[in-house]
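Chemist: Below is the structure I would like to discuss, written out as structure tokens.
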Amino acid sequence: MKHRIKKLVPQWWHSLRHYSIALRGAIKYGFPSKKMIVIGVTGTKGKTSVINFIWSVLMAGGIKTGIITTANIRIGDVETLNPYHMTMPGRALIQKIMADMVTAGCKVCLVETTSEGMKQSRHIGVVYDIAVFTNLTPEHLPSHGGSFEKYKIAKGKLFASLAKHHKVIDGKKIDSVIIANTDSEHAPYYLNFKADKKITFGVNSLADVMADSIQETHDGVTFNLAGKPFTLSILGGFNVYNALPAIAIGRLMNISDDLIRKGLNDLKLIPGRMEVIAEGQPFTVIVDYAHEKQSITGVLKTANAMKKPGAKTIILLGAEGGGRDKAKRPIMGELAGKMADYVVVSNVDPYDDDPTEIVESIAVVAEKFGKIRNTDVFVIEDRRAGINKALSLAKAGDIVLICCKGAEQSMITNTGSIPWDDRKVVREELKKII
């Protein structure tokens, strides 16, 4: 009923309401973003990981830092999981969290800044100094009228905002900075906005911060930067892209490479991002937020590179309802069908949509790419039962990927929001079978 009523109200009214709530929150809490260096990170994927890597580098360099991401909120060393089921907390919560950071003595705040959040004016009252662009692939398009170009432009609001303000903190002018991934064909668009400094990073194209000699290990990733070795303690070669902005910002803030190296290596866990769950089982279980083409490809490549000859890769995945991008569902089915040995398709956040339709739109495509129903592809709508099935399929040495929700703390169904944490459920189901 609430959803139907919301549809009847004009969009301009929703926009005005969101704007006024955000502005009132900024006024109420005294514009806390003006008292810290604020870094916004935007792009289709990697934002949470980028922010956690930057946090770890800045903390290693002695700069107390706060973060707001899809997965977690940190104020210095104090971490809580994000309970709001949204990246940028609404209803002025983002302003309250930033005010808490100022009170705690944070000098830098990192905000995962999404196109949807900006569309709903959650960025109003947040004064950014640095904008980081990770990458751009088609996602969330229904929210932008089905237009990739509108999606791309919506993210540009973050970069355009840099030229509107210049802070002075402790008597020092804060430069505006754009940091962009030049391996993305869309980097020039974001680099074209005005800023005092512009820094590029990449792997395959010439950049200011450029990695090479990337090696994945069972404990993380190693790579070189102009001949200097760096190590990540988080799995996945794709995480090199997420670490490079941290190196760029560390150097920007005059942190030595030794301390940057320490910060990157010291980050052992990003909640729900290539998080290994170990309860004594003889196989590897990884929980990850991957939920679109590029990220699903990345986690499957990592799993297939890690496993020993004869071992299997098992993936559990699904897709959101509620008007989210339907076009990604067959792509997920194709990737799982091609790259995994076993596929389990389960609920993610069906909202008011038919959960059977969602899971079948993935499973039937996996079948087209060689999977056989109830032999190596299984449709189990109940996510707990699906997780149990994925774990039960695993033998010694196999790798199980539990994807699409990461560390989210709830699941949204047609009856409302229910408490949920993939990592907790995985641990509970592991204890039943080992």
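Chemist: For the range 407-434, enumerate the residues that are under 22 Å from the mean Cα position of the chain (by Cα) and within 23 Å of Gly280 (Cβ to Cβ).
Modeler: Matches in the range 407-434: Ala407, Asp421, Asp422, Arg423, Lys424, Val425, Val426.
Chemist: In contact with a helix residue (DSSP H, G or I) (Cβ under 6 Å, 6 or more places away or on another chain), within 27 Å of Met86 (Cα to Cα), surrounded by 23 or more Cβ atoms within 10 Å (Cβ to Cβ) and not β-branched (Val, Ile, Thr), is that true of Leu391? Steps first, please.
Modeler: On the way: in contact with a helix residue (DSSP H, G or I) (Cβ under 6 Å, 6 or more places away or on another chain): yes; within 27 Å of Met86 (Cα to Cα): no; surrounded by 23 or more Cβ atoms within 10 Å (Cβ to Cβ): yes; not β-branched (Val, Ile, Thr): yes.
No.
Chemist: Considering (1) within 29 Å of Ala278 (Cβ to Cβ); (2) not in a strand (DSSP E or B), say which one Gly322 fails and leave the rest.
Modeler: Only one criterion is unmet by Gly322, namely (1).
Chemist: Now for a separate question. Exactly one condition in (1) crowded, with 17+ Cβ neighbours inside 10 Å; (2) over 28 Å from Lys64 (Cα atoms); (3) over 20 Å from the mean Cα position of the chain (by Cα) is not met by Gln215; state its number.
Modeler: Condition (1) is where Gln215 drops out.
Chemist: Would the range 200-211 turn up any residue that is touching a residue at least 60 places away in the same chain (Cβ under 8 Å) and either closer than 16 Å to Gly40 by Cβ or of a type outside the set (Asp, Glu) (or both)?
Modeler: Pass one, the range 200-211, residues touching a residue at least 60 places away in the same chain (Cβ under 8 Å): none.
No, every residue in the range 200-211 fails to be touching a residue at least 60 places away in the same chain (Cβ under 8 Å) and either closer than 16 Å to Gly40 by Cβ or of a type outside the set (Asp, Glu) (or both).
Chemist: Counting just the residues of the range 408-431 that are touching a residue at least 12 places away in the same chain (Cβ under 8 Å), among the basic types (Lys, Arg) and under 18 Å from Leu316 (Cα atoms), which one comes out surrounded by the most Cβ atoms within 10 Å (Cβ to Cβ)?
Modeler: Looking at the filtered set, the residue picked out is Arg423.
Chemist: Just checking, which of Asp183, Asp175, Asp170 is in contact (Cβ under 8 Å) with a residue 40 or more places away in the chain, among the charged types (D, E, K, R) and more than 18 Å from Gly43 (Cα to Cα)? First the steps, then the outcome.
Modeler: Values: Asp183 fails: more than 18 Å from Gly43 (Cα to Cα); Asp170 fails: in contact (Cβ under 8 Å) with a residue 40 or more places away in the chain.
Being in contact (Cβ under 8 Å) with a residue 40 or more places away in the chain, among the charged types (D, E, K, R) and more than 18 Å from Gly43 (Cα to Cα) holds for just one of Asp183, Asp175, Asp170, which is Asp175.
Chemist: Pairs needed: first member in the range 101-117, within 16 Å of Gly76 (Cβ to Cβ) and not assigned by TED's automatic domain parsing to the domain that holds Gly61; second member anywhere, modelled with pLDDT under 95 and not in a loop (DSSP other than H, G, I, E, B); C-beta distance under 6 Å; at least 6 residues apart or different chains.
Modeler: none
Chemist: Looking only at the range 71-110, which residues are among the hydroxyl-bearing types (Ser, Thr, Tyr) and at pLDDT 95 or above? Reasoning before the result, please.
Modeler: Our first condition is that a residue be among the hydroxyl-bearing types (Ser, Thr, Tyr); within the range 71-110, this holds for 80, 84, 87, 103.
Those that are among the hydroxyl-bearing types (Ser, Thr, Tyr) and at pLDDT 95 or above: Thr80, Thr103.
Chemist: Sticking with this structure for a sec: Answer yes or no as to whether Lys326 is of a type in the set (Lys, Arg) and over 29 Å from Asn239 (Cα atoms). I'd like the intermediate steps shown before the answer.
Modeler: Details: of a type in the set (Lys, Arg): yes; over 29 Å from Asn239 (Cα atoms): no.
It is false that Lys326 is of a type in the set (Lys, Arg) and over 29 Å from Asn239 (Cα atoms).
Chemist: Going by what's in this entry, would Ala396 be described as assigned by TED's automatic domain parsing to the domain that holds Val345 and crowded, with 20+ Cβ neighbours inside 10 Å? Don't jump to the end; show me each part of the working.
Modeler: Details: assigned by TED's automatic domain parsing to the domain that holds Val345: yes; crowded, with 20+ Cβ neighbours inside 10 Å: no.
No; evaluated as a whole, the condition is false for this residue.
Let's see how each residue does on (1) at negative phi; (2) buried (at least 18 other Cβ atoms within 10 Å of the Cβ); (3) not assigned by TED's automatic domain parsing to the domain that holds Trp420:
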{"site": "Pro245", "(1), (2), (3)": "yes, yes, yes"}
{"site": "Ile249", "(1), (2), (3)": "yes, yes, yes"}
{"site": "Gly280", "(1), (2), (3)": "no, no, no"}
{"site": "Ala290", "(1), (2), (3)": "yes, yes, no"}
{"site": "Leu300", "(1), (2), (3)": "yes, yes, no"}
{"site": "Glu334", "(1), (2), (3)": "yes, no, no"}
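Chemist: Further, regarding this structure: How many residues, within the range 186-225, are hydroxyl-bearing (Ser, Thr, Tyr) and within 30 Å of Tyr151 (Cα to Cα)?
Modeler: Residues that pass the stated criteria total 4.
Chemist: Out of Ile286, Ile255, I need the residue that is modelled with pLDDT of 95 or more, crowded, with 19+ Cβ neighbours inside 10 Å and assigned to a strand (DSSP E or B). Which one? Working first, answer last.
Modeler: On the way: Ile255 fails: assigned to a strand (DSSP E or B).
Step by step, each of Ile286, Ile255 is checked, and only Ile286 is modelled with pLDDT of 95 or more, crowded, with 19+ Cβ neighbours inside 10 Å and assigned to a strand (DSSP E or B).
Chemist: Follow-up. Going by the conditions given, is Ser346 outside the structural domain of Ile174 (by TED's automatic domain parsing), closer than 19 Å to Trp420 by Cβ and touching a residue at least 12 places away in the same chain (Cβ under 8 Å)?
Modeler: yes
Chemist: Check Ser33, Ser15, Ser20 and return the single one that is modelled with pLDDT of 90 or more, assigned to a helix (DSSP H, G or I), hydroxyl-bearing (Ser, Thr, Tyr) and assigned by TED's automatic domain parsing to the domain that holds Gly250. I'd like the intermediate steps shown before the answer.
Modeler: On the way: Ser15 fails: modelled with pLDDT of 90 or more; Ser20 fails: modelled with pLDDT of 90 or more.
Sole residue among the options that is modelled with pLDDT of 90 or more, assigned to a helix (DSSP H, G or I), hydroxyl-bearing (Ser, Thr, Tyr) and assigned by TED's automatic domain parsing to the domain that holds Gly250: Ser33.
Chemist: Additional query: Give the residues of the range 313-363 that are touching a Leu at 6+ places or on another chain (Cβ under 7 Å) and modelled with pLDDT under 95, sorted by residue number.
Modeler: Correct list: Asp325 only.
Chemist: Could I ask something else about it? Go through the range 158-167 and report how many residues are surrounded by fewer than 19 Cβ atoms within 10 Å (Cβ to Cβ) and closer than 16 Å to Gly43 by Cα. Working first, answer last.
Modeler: Pass one, the range 158-167, residues surrounded by fewer than 19 Cβ atoms within 10 Å (Cβ to Cβ): 160, 163-167.
Filter once more, so that each one left must be closer than 16 Å to Gly43 by Cα: 160.
Matching residues across the range 158-167 total 1.
Chemist: Tell me the strands (runs of 3 or more DSSP E) entirely within the range 173-221 that contain at least 1 residues that are of a type in the set (D, E, K, R) and in the same structural domain as Ala243 (by TED's automatic domain parsing). Quick ask: steps written out before the conclusion?
Modeler: Values: elements: 177-181, 197-202, 209-216.
In the range 173-221, 197-202, 209-216 are the strands (runs of 3 or more DSSP E) which contain 1 or more residues that are of a type in the set (D, E, K, R) and in the same structural domain as Ala243 (by TED's automatic domain parsing).
The values are calculated or read from the model by the stated rules, or taken from the named source; none is laboratory data. Because the structure is a prediction, the values reported are computed rather than measured. Cβ atoms come from the backbone with ideal geometry, glycine included; neighbour counts cover every protein chain shown.
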